[in-house]
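Reviewing the structure listed below.
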Amino acid sequence: METEKLKDIASQVRRDIIRQTHGANSGHPGGSLGCADLMTALYFGFMKHQPEKFDMEGKNQDVFFLSNGHISPLWYSVLARSGYFDSKELATFRKINSRLQGHPATHDGLPGIRVASGSLGQGLSVAVGTALSKKMNKDPQLVICLCGDGEMEEGQIWEAIMYAGSKKVDNLLAIVDVNNQQIDGSVDHVLPYGDLRPKFDSFGWVVLQMDGNVMEDILITLNKAKALNFQGQPVVILMKTEMGQGVDFMMHSHKWHGVAPNEEQTKNALAQLRETLGDY
Amino acid sequence: MEKYTLSDRKDTRSGFGAGLLELGKLNPDVVALCADLTGSLKMDAFEKAFPDRFFQVGIAEANMMGMAAGFAIGGKIPFTGTFANFSTGRVYDQIRQSIAYSGKNVKICASHAGITLGEDGATHQILEDIGMMRMLPGMTVINPCDYNQTRAATLAIAAYKGPVYLRFGRPVVPVFTPANQEFVIGKALTFSEGSDVSVFATGHLVWKALEACEILKAKGISAEIINIHTIKPLDTAAVIRSVQKTGCAVTAEEHQIHGGLGDTIAHVLVRHHPVPQEFVAVQDTFGESGTPEQLMIKYGLEADNIVAAAEQVIQRKKLELSHS
């Protein structure tokens with residue numbers, strides 16, 4: 001798909017994020033907006049997948065896991081817009097009897113989701129298990145896992161990083177959303193753990209970096225990553241993003257991590273985001 | 001009624017190891033993960049026979065549980081192996097979110113459960129694991145009583161689709177159930193019929209209950225001994241049927257008094273057929289170092305304790321009858 005078309009879709013995805021969180025009067029718009037370009041690129045450009053025929057195993061498809069489950073409104077938007085379910089269902093986000101739980105879940109069979117996430121640090125381990133299954137099954141596709149940079153504070157993440165590097169799980173692509181924000185402030189303020197690059201590198205990963213809010217850079221780097229996979233090492237992309245990207249008053253702060261916009265803020269935000277696919 | 005004969009003495013963990021090796025031959029989808037306890041879990045035979053389906057994850061149990069969920073997504077039937085303590089309490093949130101809530105077909109196989117782990121002491125002697133696991137929606141909880149039953153259970157859980165907690169132990173204990181039994185998940189087994197008291201026992205306490213049955217018989221007391229190998233889903237009908245006949249119950253388990261088999265049975269009794277119940281279990285304390293035999297005596301998990309509980313509950317039943 002053309003880069004400009006992907007940018008159009010990302011704008012609609014951002015509208016969906018604002019409208020979902022406003023509709024639910026809760027949720028996590030900040031990180032969702034920051035990762036909107038990446039997720040659009042994955043679901044509409046990069047990944048080989050079958051939205052209309054979702055199956056749990058994802059045989060001969062790229063399988064995606066969202067470890068930082070709180071950016072669910074973003075995931076629900078790209079799933080719906082790429083055809084996993086009707087985008088009208090986005091209106092049920094976080095409401096009673098909905099399949100669109102506050103954090104992603106398989107409990108009600110929402111197509112596109114393979115494991116619950118939300119309690120942080122667990123997704124990469126699951127991705128490693130599925131990647132190993134794909135290897136056993138001689139399945140040539142990738143397993144992709146998105147994590148947050150705050151999530152890197154969880155111990156389990158490092159267990160998974162250690163395992164994947166030492167056991168050469170080379171069909172695994174991890175992406176870390178480096179927005180340097182978490183609930184209580186910047187990562188540098190809360191727990192300044194330093195540069196991720198040498199850490200991944202020393203555990204045996206190939207490390208790439210990209211600007212997660214520049215569509216051209218995302219597409220180039222994803223393809224570069226794919227070319228580096230299947231060569232004896234897992235690959236990680238350290239993806240610099242701006243939390244709240246696309247909505248001026250939500251940027252440059254951690255404050256919109258988990259706060260929904262009110263009526264006026266929603267109007268203001270939507271005025272900054274083009275409607276390209278039609279609101280749900 | 002089920003037949004039983006004392007035939008040998010073996011550890012239940014070896015029953016798991018034997019069952020896992022058989023499964024390896026029977027089902028190419030079975031994979032095994034272990035957190036640096038391959039010998040202790042008796043998974044070495046599987047590792048040797050199926051090196052491509054064995055995953056050494058190191059001392060990283062949280063990652064192991066997540067990986068197991070990932071294998072289940074990939075169409076495999078993962079069996080995780082570590083001590084019961086590290087299979088439950090250490091990884092409760094991983095099991096809760098990635099396995100139970102997500103409905104993953106993971107078999108959590110836990111050795112060295114309970115106080116008979118022995119000399120390593122209370123840090124390793126988990127006595128709360130049945131409680132934790134049975135609270136999780138959709139989790140099946142199995143605690144077999146001897147080598148043969150553990151082997152059969154290992155085979156049976158592979159054929160069942162859904163998360164399972166399989167609990168077994170370290171010490172060498174009597175083998176008394178048949179070698180080639182069929183294990184039916186959720187079906188209680190009556191090893192001795194009786195009319196005065198129902199004894200519901202699980203794990204290592206089943207043999208102790210059968211010993212208690214002989215002592216009681218010599219005292220003129222007719223005890224019904226029922227093996228509850230599956231604590232969840234519980235064979236509620238079998239429990240009710242037995243207490244309707246006997247009018248009182250004793251539960252026996254190598255677990256805390258809170259959260260385990262005793263609570264599970266009590267829940268059925270209060271809802272369906274209220275009768276007096278006594279609990280043979282660890283009485284809300286942690287364990288300590290010692291030989292398994294010493295610990296079973298000190299913490300009141302012997303045949304004599306079951307006899308005393310049976311006599312006490314029969315007294316309570318008589319008192320209640322005389323009041324009514």
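Structure data summary
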{"item": "Test: B:Gly39 is over 17 Å from A:Gln156 (Cα atoms), within 9 Å of chain A (Cβ to nearest Cβ) and modelled with pLDDT of 95 or more", "result": "no"}
{"item": "Which listed residue, of B:Lys245, B:Lys298, is of a type in the set (Lys, Arg), closer than 22 Å to B:Gly118 by Cα and surrounded by fewer than 18 Cβ atoms within 10 Å (Cβ to Cβ)", "result": "B:Lys298"}
{"item": "Pair list, Cβ under 7 Å, 6 or more apart: region A:260-280 residue in contact (Cβ under 8 Å) with a residue 40 or more places away in the chain and open to solvent by 90 Å² or more (accessible area, probe 1.4 Å), other residue small (Gly, Ala, Ser) and part of a helix (DSSP H, G or I)", "result": "A:Arg274/A:Ser11"}
{"item": "Enumerated strands (runs of 3 or more DSSP E) restricted to region B:8-84, each holding at least 3 residues that are within 17 Å of A:Tyr163 (Cβ to Cβ) and either among the aliphatic types (A, V, I, L, M) or open to solvent by 10 Å² or more (accessible area, probe 1.4 Å) (or both)", "result": "B:30-34, B:54-56"}
{"item": "Residue count for region A:53-110, restricted to those that are of a type in the set (S, T, N, Q) and either under 18 Å from A:Tyr280 (Cβ atoms) or touching a His at 6+ places or on another chain (Cβ under 7 Å) (or both)", "result": "9"}
{"item": "Wholly within region B:111-186, strands (runs of 3 or more DSSP E) carrying at least 3 residues that are small (Gly, Ala, Ser) and open to solvent by 10 Å² or more (accessible area, probe 1.4 Å)", "result": "none"}
{"item": "Matching residues, region B:279-297, being without any contact (Cβ under 8 Å) to a residue 60 or more places away in the chain and part of a helix (DSSP H, G or I)", "result": "B:Glu293, B:Gln294, B:Ile297"}
{"item": "Elements of type strands (runs of 3 or more DSSP E) contained in region A:113-222, each with 1 or more residues being of a type outside the set (Gly, Ala, Ser) and either farther than 24 Å from A:Phe44 by Cα or without any contact (Cβ under 8 Å) to a residue 40 or more places away in the chain (or both)", "result": "A:206-211"}
{"item": "Residue list for region B:260-276, restricted to those being open to solvent by 20 Å² or more (accessible area, probe 1.4 Å) and not basic (Lys, Arg)", "result": "B:Asp263, B:Ala266, B:His267, B:Val270, B:His272, B:His273, B:Pro274, B:Val275"}
{"item": "Unique match (being more than 14 Å from chain A (Cβ to nearest Cβ) and within 20 Å of the chain's Cα centre (by Cα)) among B:Asp120, B:Asp129, B:Asp44", "result": "B:Asp129"}
{"item": "Counted residues, region B:85-103 - those being open to solvent by 10 Å² or more (accessible area, probe 1.4 Å) and more than 7 Å from every other protein chain (Cβ to nearest Cβ)", "result": "7"}
{"item": "Some residue of region B:145-160 being touching a helix residue (DSSP H, G or I) at 6+ places or on another chain (Cβ under 7 Å) and among the acidic types (Asp, Glu)", "result": "yes"}
{"item": "Subset of region B:258-292 (residues that are among the aliphatic types (A, V, I, L, M) and touching an Asp or Glu at 6+ places or on another chain (Cβ under 6 Å))", "result": "B:Leu261, B:Ala281"}
{"item": "Lone unmet requirement of (1) in contact with a Phe, Trp or Tyr (Cβ under 9 Å, 6 or more places away or on another chain); (2) surrounded by fewer than 22 Cβ atoms within 10 Å (Cβ to Cβ) for A:Pro104", "result": "(2)"}
{"item": "Qualifying position, being over 30 Å from A:Lys135 (Cβ atoms), of a type in the set (Lys, Arg) and open to solvent by 10 Å² or more (accessible area, probe 1.4 Å), among A:Lys59, A:Lys53, A:Lys88", "result": "A:Lys88"}
{"item": "Qualifying residue in region A:86-109 (condition: more than 10 Å from every other protein chain (Cβ to nearest Cβ), more than 28 Å from A:Ser253 (Cβ to Cβ) and among the aromatic types (Phe, Trp, Tyr))", "result": "no"}
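The values are calculated or read from the model by the stated rules, or taken from the named source; none is laboratory data. Bear in mind that the values here come from a model prediction, so they are computed numbers and not experimental data. When we count neighbours, we look across all protein chains shown, and the Cβ atoms used for this are built from the backbone with ideal geometry, even at glycine. SASA here: full protein model, heavy atoms, side chains in, ligands and nucleic acids out. Shrake-Rupley method; radii C 1.70, N 1.55, O 1.52, S 1.80 Å.
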